[in-house]
Amino acid sequence: MGDNTALIVVIGFVAVLLLIAVGLLVGGLWVIYRYRVPLRGIAAMAGSFVYLISPVDAAPEAVLGPLGMVDDAGILTIVGFYVYHLIRARRLNMPMSKAAGIAFRDTARDGLAHRRNHPNR
């Protein structure tokens, strides 16, 4: 068992990564179908998925360990906000070019307004 321990750990790690990737792919396809995401949102989601499974990384997990996943989480968060604003714009019949430009500005403004109105701050 001592000789195969490293192999079992590697196989388990790869299996977990593949499970996460398949979950994100299925979740992304459901969002695309359910909310009729525009083509630029689909491209952003596909790009983030490719970046997530790509061995080329801005902060490699092999070197930084768990901290190497911070850039992956950041990419997924940014794309999630972007797609959310595209979906919201589609529901409000806002032009897509305007929705793409205001995605991060609105998110930042809403976050700051929440902090100002929060009773503990």
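The values are calculated or read from the model by the stated rules, or taken from the named source; none is laboratory data. A quick note: this is a predicted structure, and the numbers were derived from the prediction, not measured. Methodologically, a virtual Cβ is constructed for each residue, glycine included, from the backbone with ideal geometry; neighbour enumeration extends over all protein chains shown.
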May I ask you to verify whether Leu86 is modelled with pLDDT of 75 or more, within 21 Å of Ala15 (Cα to Cα) and either of a type in the set (A, V, I, L, M, F, W, C) or surrounded by 12 or more Cβ atoms within 10 Å (Cβ to Cβ) (or both)?
no
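Quick grid of which residues meet (1) exposed (fewer than 15 other Cβ atoms within 10 Å of the Cβ); (2) assigned to a helix (DSSP H, G or I):
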site	(1), (2)
Val10	yes, yes
Ala15	yes, yes
Tyr33	yes, yes
Val37	no, no
Leu52	no, yes
Leu67	yes, yes
Ala73	yes, yes
